[in-house]
Amino acid sequence: MKKELAKTYDPHGLEDRIYRTWEEKGYFHAEADESKKPFTIVIPPPNITGVLHMGHAFDNTMQDVLIRFKRMQGYNALWQPGTDHASISTEVRIIEELAKEGIRKEDLGREKFLERAWEWKKQYGGTIISQLKKLGSSCDWARERFTMDEGCNRAVTEVFVRMHKKGYIYQGSRIINWCPHCNTSISDAEVDYEEQNGHLWHIRYPLVEEDGSISKTEFLEFATTRPETMLGDTAVAVHPEDERYTHLIGREVFLPFVERRIPVVADTYVDREFGTGVVKITPGHDPNDFEVGKRHDLPEINIMNDDATINENGAKFEGMDRYAARKQIVKELTEMGLLGEVEDHVHNVGTHERCHTVVEPLIKKQWFVRMDELIKPAIKAVKEGEIRLIPKRMEATYFNWTDNIRDWCISRQLWWGHRIPAYYCDACGETVIDYGMPKECPHCRGTAFTQDPDTLDTWFSSALWPFETLGWPEETKDLKHFFPTDVLVTGYDIIFFWVIRMIFSSYEQMGTRPFHTVLFHGLIRDSEGRKMSKSLGNGIDPLDVIAEYGADALRLMIVTGNAPGNDMRYHVERVENSRNFANKLWNASRFIMMNIEEAEEVHAKDAPAAMLQTEDRWILSRLQRTIREATENMERYELGIAVQKVYDFIWDEFCDWYIEFVKPRLRPSGAVGGSQTRAEEDAAGAAHASRLQIPQAESDAQAYQAPSRIAALWTLTSVLIGALKLLHPYMPFITEEIYQTLIDGLYTKETPESIMISPWPVAKDVLVDEAAEREIALIQEAVRGIRNVRNEMNVAPSKKTGIYVVSAKEDIREIFTRGRTHFTALAHAGEVFVQEDKTGIADDAVSVVLADAVIYIPLAELVDISAEKARLEKEKERLEKELARSKGMLANERFLSKAPPEKIAEEKEKQQKYEQTYAQVLERLSALG
RNA sequence: GGGAGUGUAGCUCAGCCGGGAGAGCGUUCGCCUCACACGCGAAAGGUCACGGGUUCGAGCCCCGUCACGCCCACCA
């Protein structure tokens, strides 16, 4: 059945319908099959708390383009999907929900809380998945995984046990970042530094005299931004070579409030230039001081509770919030005369990226992963090119992290997540790491254990994602076939969190790389270049964009005009342009289908070679080049460049030129050779030719008989199908819709029923036709010239003008003779005459000067000789400049001796062309007087 | 403080191997030409941030300067 297409492309309804069909047909599904070559991408698992934002759209569009491309190329293409449990995000979400009901998580208890969280996951965790589908993502949904599903849990425990056995995982008291709001430790990477206005308080500690009394005259002054931490001071430090203080090293100062005597130590960590050159040392609440404390064997005193109130070590400040204590301490120090200058001070304060609470460095017993050994293969892999980062400059960021690697704090004081498989013997306190609750304590033979209450950092499980999703630790067929995966697509903002951790985890657990290429994309910013954020309210919801313009338009916008790793700004105009392109393609297709008659078979298989006209061979040739180049670009992950070439091919060459070229040939054979006007032209042309005694090559009417029409239709459909395939990875919905409608209209069942499983086009050398390309290029140049002249001369578009092509060269005349009708179709030509000389042409005709021909357009009633002369003068000047440049180059001996021969030949050719054109321009000018 | 970037048309951005500066939007002019006004045709518009250097030849390579954001470190 021949289908009618709507006049304007409307993605509504169509996209969901097509997506459902793809899913039902199982096109997304991949099975392990050793006879096929695999191509695997694992999705960066979106958080179950997430809703689709532009970052996801960016990420997933690129992955979908790659996976569809590879699938069409015949790979066993798997896009492995899934979601991440997102421990902190989710837990915070549940706590908020509970708060609305007036429940605290502690009241609920761990088990009930987890039930609640799973309930939440069940209800909302799928939201993002359905949104990804809206985008057209061709993930193998049957394989959807979750970082806390049974398999991932096993993988996590396995890795923990193994790494603990190898000594990579250890428990230790370290200074960590503590979020008093979320009540958990967080890793360095989860800390955001915010610039805040604060103060620099100068404080004086009295020195302790030789006899042990507190000096009333001698003080040591230092500056601090956090006075409350003084309660935990266990030393003050000076630079060992600071002459102002060397005599004090080894003496003691007196710490007010807690009334502690603490030593003055020497440490190179102190910057003599800053403040007074004296630093208070609080090993319990500052990472740098912690290090100093280790070096000098200082006691570590924790002065805070987990909620950032002062604890029993804070003397009379016990129970006060850290900021209230700060205020009170400053006040009391003033009263005691121990406070000096107070400066305004802008400093960076570490905050928790999730809740923006100021983090408090605290010493806690936590679980860590020792990184020094683990990171080595990850460094080597990138250094030696076993893993390629695109763009390459991301390597610098990568190495910046790996070279300064610190141990990874993996325990979190949360409930939602993978519980740490550490069990403490109730009897003797022995720690046992095991796959489950141990039966007997290896130390005291006790049988009662308590599991560590903490859970693991979310990234601990995401780090295993590329192999845990394929079945690891089982040796599954999937794992064997699809692992290592191929490409990872992600934003550069999670290099540290995720990319590096996947890499070292894979080398450690699998002994191999997790993927060979990491393709980074940037961020999508708003039109002002700002990050999209909830607080600014400048976020663009991709679903709104899809609803208004269609997923294809959004996808094309995302991929177009962007180089890997670069940020892009969101402008509606760019989406509109993509939407317009979709409409253009839609209408071109509609036009072609309108011209295919009911029951007319236009097979896309057999080329009617003998019937092909020059323009047919031209567009076929151009298509081959586009296929070749776009494919090469895609293989190099240059998606933006590839799609630009396809876009240009479709819009410029196919729609604006080729379709226009063949329009005259498409009249049904029954309508006898075309329009009335052309019959008249033919008659006039023949008459003129006979008058000049130039043999008319062939009658146009003859040329455009049925075989030419079939050739045009064949070319139109096969080029369209080729172009649709090239475009399909980028715009899957519209290409599928057109493809299927077209296949229906062609009455053929030979092509696959869906474009997404059709083979990727391969450029055929036999179809590359340089002669046709040169010929059409000449026609195009002439057509543009004529249009240009008509515009400049203000000729009404409705006015048909005669066109005389004069060339002394026979082959050129042949080209124009063959291309005569193109001028009718594209340049508002009436009669077209091709002749050897100027016989019969008025001197005052306007002209288009080409290298090998001059085209005359007689405009009897409109002639303005001075305008024509001015035009030619301008052209003359332009050519003189080009000639000067070209001659200069060719006169340069060093150019001739050093430049590659083909460049020289090219330049000579150009020069010749300029000279010819120039000569013709001069001749025209002299003819005009 | 360290690192990697960006600077090209009025705006947003491409520019692969060094070889006569591109696109989209916007602007101007002309067109509802029987696929498309979400369109067609034409045009205007650029010291490729600046200064040096390498080269027969530089938007592209090297050095320096300026401007702008980004990442890392986090000096109390």
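The values are calculated or read from the model by the stated rules, or taken from the named source; none is laboratory data. Quantities reported herein were computed from a predicted structural model and do not represent experimental measurements. All Cβ positions, even for glycine, are placed from backbone atoms using ideal geometry, and neighbour counts span all protein chains on display. Note: accessible area is taken over every heavy atom of the protein model, side chains too, but ligands, DNA and RNA are not part of it. Shrake-Rupley method; radii C 1.70, N 1.55, O 1.52, S 1.80 Å.
Pairs linking a residue in the range A:887-904 that is modelled with pLDDT under 85 to a residue that is charged (D, E, K, R) and surrounded by fewer than 14 Cβ atoms within 10 Å (Cβ to Cβ), with Cβ atoms under 6 Å and 6 or more positions apart or on different chains, do not occur.
Flag set for A:V51, criterion: outside any helix (DSSP H, G or I) and surrounded by fewer than 19 Cβ atoms within 10 Å (Cβ to Cβ). Regarding A:D403, is this residue within 21 Å of A:M163 (Cα to Cα) and among the acidic types (D, E)? So A:D403 fails the test.
Please verify whether A:I410 is open to solvent by less than 30 Å² (accessible area, probe 1.4 Å), in contact with a helix residue (DSSP H, G or I) (Cβ under 9 Å, 6 or more places away or on another chain) and of a type in the set (A, V, I, L, M), treating the condition exactly as stated. Please lay out each step first, then the result.
Details: open to solvent by less than 30 Å² (accessible area, probe 1.4 Å): yes; in contact with a helix residue (DSSP H, G or I) (Cβ under 9 Å, 6 or more places away or on another chain): yes; of a type in the set (A, V, I, L, M): yes.
Considered against the rule, which asks whether it is open to solvent by less than 30 Å² (accessible area, probe 1.4 Å), in contact with a helix residue (DSSP H, G or I) (Cβ under 9 Å, 6 or more places away or on another chain) and of a type in the set (A, V, I, L, M), A:I410 comes out as yes.
For the range A:560-585, a tally of residues being at negative phi and open to solvent by less than 10 Å² (accessible area, probe 1.4 Å) returns 5. Within the range A:631-654, residues that are on the phi > 0 side of the Ramachandran plot have Cβ atoms under 6 Å from residues that are more than 10 Å from RNA strand B (Cβ to nearest atom) in these pairs: A:Y637/A:I390; A:Y637/A:L519, counting only partners at least 6 apart in sequence or on another chain.
For A:R871, the conditions (1) without any contact (Cβ under 8 Å) to a residue 60 or more places away in the chain; (2) within 12 Å of RNA strand B (Cβ to nearest atom); (3) of a type in the set (D, E, K, R) all hold with the exception of (1). Does the range A:105-114 contain any residue that is open to solvent by 60 Å² or more (accessible area, probe 1.4 Å) and touching a residue at least 12 places away in the same chain (Cβ under 8 Å)? Checked the range A:105-114: no residue is open to solvent by 60 Å² or more (accessible area, probe 1.4 Å) and touching a residue at least 12 places away in the same chain (Cβ under 8 Å).
Could you grab me the full set of residues in the range A:380-401 that are part of a helix (DSSP H, G or I), away from RNA strand B (no atom under 15 Å from the Cβ) and open to solvent by less than 80 Å² (accessible area, probe 1.4 Å)? Answer for the range A:380-401, where residues must be part of a helix (DSSP H, G or I), away from RNA strand B (no atom under 15 Å from the Cβ) and open to solvent by less than 80 Å² (accessible area, probe 1.4 Å): just A:A381. Considering A:F222, A:F290, A:F274, the condition of being within 14 Å of RNA strand B (Cβ to nearest atom), surrounded by fewer than 18 Cβ atoms within 10 Å (Cβ to Cβ), under 26 Å from A:I363 (Cβ atoms) and among the hydrophobic types (A, V, I, L, M, F, W, C) is satisfied by A:F274 alone. Please verify whether A:R261 is under 24 Å from A:D297 (Cα atoms), open to solvent by 50 Å² or more (accessible area, probe 1.4 Å), at pLDDT 90 or above and of a type in the set (K, R), treating the condition exactly as stated. Judged against the criteria, A:R261 is a match.
Here A:E119 meets the list (1) within 24 Å of the chain's Cα centre (by Cα); (2) part of a helix (DSSP H, G or I) almost entirely, failing just condition (1).
Do we find that A:V236 is more than 9 Å from RNA strand B (Cβ to nearest atom), among the aliphatic types (A, V, I, L, M) and modelled with pLDDT of 90 or more in this structure? Here the answer is yes, as A:V236 does meet what is asked.
Are any of the residues in the range A:361-371 within 30 Å of A:F515 (Cβ to Cβ), open to solvent by less than 40 Å² (accessible area, probe 1.4 Å) and not aliphatic (A, V, I, L, M)? Before the answer, list the steps.
In the first step, residues of the range A:361-371 are kept if they are within 30 Å of A:F515 (Cβ to Cβ); the result is A:367-371.
Next, only the ones that are open to solvent by less than 40 Å² (accessible area, probe 1.4 Å) stay: A:367-369, A:371.
Right, trim to not aliphatic (A, V, I, L, M) and you get A:367-368.
Within the range A:361-371, one or more residues are within 30 Å of A:F515 (Cβ to Cβ), open to solvent by less than 40 Å² (accessible area, probe 1.4 Å) and not aliphatic (A, V, I, L, M).
Inside the range A:343-371, can you point out the residues that are away from RNA strand B (no atom under 15 Å from the Cβ) and either touching a Pro at 6+ places or on another chain (Cβ under 6 Å) or in a loop (DSSP other than H, G, I, E, B) (or both)? Spell out the reasoning first.
Of all residues in the range A:343-371, those away from RNA strand B (no atom under 15 Å from the Cβ) come to A:355, A:357, A:363-370.
Residues satisfying the conditions are A:C355, A:T357, A:R370.
Quick grid of which residues meet (1) within 11 Å of RNA strand B (Cβ to nearest atom); (2) at pLDDT 95 or above:
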{"position": "A:W586", "(1), (2)": "yes, yes"}
{"position": "A:M593", "(1), (2)": "yes, no"}
{"position": "A:I596", "(1), (2)": "no, no"}
{"position": "A:A607", "(1), (2)": "no, no"}
{"position": "A:Q613", "(1), (2)": "no, no"}
{"position": "A:E632", "(1), (2)": "yes, no"}
{"position": "A:R636", "(1), (2)": "yes, no"}
{"position": "A:D648", "(1), (2)": "yes, no"}
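What are the residues in the range A:239-254 that are within 15 Å of RNA strand B (Cβ to nearest atom) and either crowded, with 19+ Cβ neighbours inside 10 Å or not charged (D, E, K, R) (or both), if any? Once the filter is applied, which keeps residues that are within 15 Å of RNA strand B (Cβ to nearest atom) and either crowded, with 19+ Cβ neighbours inside 10 Å or not charged (D, E, K, R) (or both), the range A:239-254 yields A:H239, A:P240, A:Y245, A:V253. Selection within the range A:54-75: residues that are open to solvent by 10 Å² or more (accessible area, probe 1.4 Å) and within 24 Å of A:L464 (Cα to Cα). The member of this set that is modelled with the highest pLDDT is A:M62. From the list A:G385, A:G293, A:G340, the one residue that fits, being of a type outside the set (A, V, I, L, M) and at positive phi, is A:G385.
Here's a check for you: in the range A:413-430, which residue that is surrounded by fewer than 19 Cβ atoms within 10 Å (Cβ to Cβ) and in a loop (DSSP other than H, G, I, E, B) is farthest from RNA strand B (Cβ to nearest atom)? Restricting to residues being surrounded by fewer than 19 Cβ atoms within 10 Å (Cβ to Cβ) and in a loop (DSSP other than H, G, I, E, B), the top hit is A:A427.
Quick one: would you say A:I757 is open to solvent by 70 Å² or more (accessible area, probe 1.4 Å), at pLDDT 90 or above, under 24 Å from A:I67 (Cα atoms) and not polar (S, T, N, Q)?
On the way: open to solvent by 70 Å² or more (accessible area, probe 1.4 Å): yes; at pLDDT 90 or above: yes; under 24 Å from A:I67 (Cα atoms): yes; not polar (S, T, N, Q): yes.
Judged against the criteria, A:I757 is a match.
Only one entry in A:S506, A:S527 is more than 19 Å from A:T397 (Cβ to Cβ) and modelled with pLDDT under 95, namely A:S527. Within the range A:198-215, if we keep just the residues that are touching a strand residue (DSSP E or B) at 6+ places or on another chain (Cβ under 6 Å) and open to solvent by 20 Å² or more (accessible area, probe 1.4 Å), the residue that is nearest to RNA strand B (Cβ to nearest atom) turns out to be A:W201.
So which helices (runs of 4 or more DSSP H) are wholly in the range A:435-539 and hold at least 3 residues that are surrounded by fewer than 16 Cβ atoms within 10 Å (Cβ to Cβ) and more than 16 Å from RNA strand B (Cβ to nearest atom)? I'd like the intermediate steps shown before the answer.
Numbers: elements: A:458-462, A:465-468, A:477-482, A:500-510.
Hits in the range A:435-539: none.
When you check A:L778 against the structure, is it within 16 Å of RNA strand B (Cβ to nearest atom) and modelled with pLDDT of 90 or more, yes or no? Spell out how you get there, then give the answer.
Working: within 16 Å of RNA strand B (Cβ to nearest atom): yes; modelled with pLDDT of 90 or more: yes.
So A:L778 passes the test.
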